[in-house]
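Novice: Quick one: the structure is below, and I'll ask about it shortly.
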Amino acid sequence: MSYFETRRRPGRHFLQIPGPSNTPDRVLRAMDNPTMDHRGPDFGQRAGRLLEKLRLVFRTRRPVVVYPASGTGAWEAALVNTCSPGDRVLMVETGWFAHLWRELAGRLGLEPEIIATDWRRGAEPGPLEERLRADKGHAIKAVCVVHSETSTGCITPIAEIRRAIDAAGHPALLLVDTISGLGSADYRHDEWGVDVTVAGSQKGLMLPPGLSFNAISEKALKASETARLPRSYWDWRPMLAANAQGFFPSTPATNLLYALDAAVDMLLEEGLDAVFARHHRHGEAARRAVRHWGLEIQCAVPAHESPVLTAVRLPEGHSADSLRALILDRFNMSLGAGLGRLADRVFRIGHLGDFGDLQLVGTLGGVEMGLALAGVPHRPGGVQAAMAYLAGNA
Ligand SMILES: *Cc1c(COP(=O)(O)O)cnc(C)c1O
């Protein structure tokens, strides 16, 4: 039985929400080691090596800082280190997580300006470029976009956003949330000219919740020298100074760092490109199942379809939450809820993290049985469609 279960359920629970994802046994075993002195020489050496290695996952040569916090903390860190009270930040509301980041920015005393979307696509470069071109006085301090919008299953092509900012000749910083994209969808901090990357531990990185990250460009670091929002815990400066010796200004989440060390090794052993290809393939297989069922995928732009998760719309008059409750009760599988305006309208299938073909087939099998039991109109055979794709595309 797992820790929170109230009744004995044979077999393994399927945790198919789009984060937290399943934690591989190797990562769990790594955590299960004695906590060490975080100011001792052994720790400094180990953490120093880990912080170097971690840069590879972000595809950056620059520092990555690690906070004992959920992803929300790293959102705040990205803003308080680069912005000043009243600064205008341009944000694209791609879904619920972009919405939450905007609210956070407002509470910090920034002036968020929103480009709205229908929550069925990633951020598009056109409207962004147009808005930046109109900002002749360069009042906009930062552009904030979500790379993998976990509420909708849409990806924003970050390289296109970078090109839009450059085409407008605008000096704004580019802040990117890839909390669910890191370690699951292709991501390149340096190559794409991202200034601050925000990430978290419990999604593509295959760790339990509890760590979050900022990767920091030279330009962002420079901005942090004059930024005037109050900051203390999130301040990059003492963190970077201590990190240079492999240490932290306050107590790090020691055992989660053991886990991170193991998870980064696993990603690098598989190879990042192979990791992305695996997720891409699972995304394609999941969408083939959904299309076969005759259900609608929330993401309406093929180029923005996500390798991380698939959000599925239910026909009018059917409750996504009832379907999820039934699947949990009957098949011991957790699926993601619809968030914000998508509550009860969509359910989300996570296919990220430590995940293989047979886990996907089992996941889709649970969904298909659930659709039948809940009386949701669909064409049976979606699992077969996914299997045919998986078998034919090694
Ligand atoms: C999960 C998630 C968050 C929130 O992270 P927490 O760890 O819950 O604080 C923010 N943005 C995206 C895109 C996410 O997937």
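Novice: Which members of region 92-112 meet the condition of being open to solvent by less than 10 Å² (accessible area, probe 1.4 Å) and aromatic (Phe, Trp, Tyr)?
Specialist: Trp101
Novice: Listed residues Thr117, Thr156; which is open to solvent by 20 Å² or more (accessible area, probe 1.4 Å), within 20 Å of the chain's Cα centre (by Cα), in contact (Cβ under 8 Å) with a residue 24 or more places away in the chain and within 15 Å of the ligand (Cβ to nearest atom)?
Specialist: Thr117
This table checks each residue for (1) aromatic (Phe, Trp, Tyr); (2) open to solvent by less than 40 Å² (accessible area, probe 1.4 Å).
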{"site": "Gly204", "(1), (2)": "no, yes"}
{"site": "Leu207", "(1), (2)": "no, yes"}
{"site": "Ser217", "(1), (2)": "no, yes"}
{"site": "Ser232", "(1), (2)": "no, no"}
{"site": "Ala242", "(1), (2)": "no, yes"}
{"site": "Phe248", "(1), (2)": "yes, yes"}
{"site": "Ala274", "(1), (2)": "no, no"}
{"site": "His279", "(1), (2)": "no, yes"}
{"site": "Arg287", "(1), (2)": "no, yes"}
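Novice: Out of the residues in region 197-215 that are polar (S, T, N, Q) and part of a loop (DSSP other than H, G, I, E, B), state the one that is farthest from the ligand (Cβ to nearest atom).
Specialist: Selected residue: Ser201.
Here is a yes/no grid of residues against (1) modelled with pLDDT under 95; (2) within 16 Å of the ligand (Cβ to nearest atom); (3) more than 21 Å from the chain's Cα centre (by Cα); (4) surrounded by fewer than 13 Cβ atoms within 10 Å (Cβ to Cβ):
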{"site": "Glu124", "(1), (2), (3), (4)": "no, no, no, no"}
{"site": "Pro127", "(1), (2), (3), (4)": "no, no, yes, no"}
{"site": "Gly137", "(1), (2), (3), (4)": "no, no, yes, yes"}
{"site": "Val146", "(1), (2), (3), (4)": "no, yes, no, no"}
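Novice: Hey, can you tell me all the residues within region 363-394 that are open to solvent by 30 Å² or more (accessible area, probe 1.4 Å) and not in a helix (DSSP H, G or I)?
Specialist: If the condition is that a residue be open to solvent by 30 Å² or more (accessible area, probe 1.4 Å) and not in a helix (DSSP H, G or I), then Gly375, Pro377, His378, Arg379, Pro380, Asn393, Ala394 are the ones that fit.
Novice: For the condition open to solvent by 40 Å² or more (accessible area, probe 1.4 Å) and in a helix (DSSP H, G or I), what is the one hit in Thr35, Thr72?
Specialist: The match here is Thr72.
Novice: For the subset of region 159-196 comprising residues that are of a type in the set (A, V, I, L, M), more than 17 Å from Ala142 (Cβ to Cβ) and more than 16 Å from the ligand (Cβ to nearest atom), which member is least open to solvent (accessible area, probe 1.4 Å)?
Specialist: Out of the qualifying residues, it is Ala159.
Novice: Here is a further query. Cβ-Cβ distance below 7 Å, separation of 6 or more or different chains: which pairs start in region 3-16 with a residue that is among the aliphatic types (A, V, I, L, M) and end on one that is outside any loop (DSSP other than H, G, I, E, B) and open to solvent by less than 50 Å² (accessible area, probe 1.4 Å)?
Specialist: If the second residue must be outside any loop (DSSP other than H, G, I, E, B) and open to solvent by less than 50 Å² (accessible area, probe 1.4 Å), the pairs left are Leu15/Ser334.
Novice: Residues that are in a helix (DSSP H, G or I), among the hydroxyl-bearing types (Ser, Thr, Tyr) and more than 11 Å from the ligand (Cβ to nearest atom): does region 217-228 have at least one?
Specialist: yes
Novice: Please go through (1) more than 20 Å from Gly294 (Cα to Cα); (2) assigned to a loop (DSSP other than H, G, I, E, B) for His318 and return the number of the only condition it doesn't satisfy.
Specialist: Among (1) more than 20 Å from Gly294 (Cα to Cα); (2) assigned to a loop (DSSP other than H, G, I, E, B), the lone unmet condition for His318 is (1).
Novice: List the number of the failed condition for Leu54; all other conditions in (1) within 20 Å of the chain's Cα centre (by Cα); (2) farther than 16 Å from Val146 by Cβ; (3) open to solvent by 50 Å² or more (accessible area, probe 1.4 Å) hold.
Specialist: (3)
The values are calculated or read from the model by the stated rules, or taken from the named source; none is laboratory data. Here the structure is a predicted model, which means the values were calculated and not measured. Methodologically, a virtual Cβ is constructed for each residue, glycine included, from the backbone with ideal geometry; neighbour enumeration extends over all protein chains shown. In case anyone asks, the SASA skips ligands and DNA or RNA and just uses the protein heavy atoms, side chains included. Shrake-Rupley method; radii C 1.70, N 1.55, O 1.52, S 1.80 Å.
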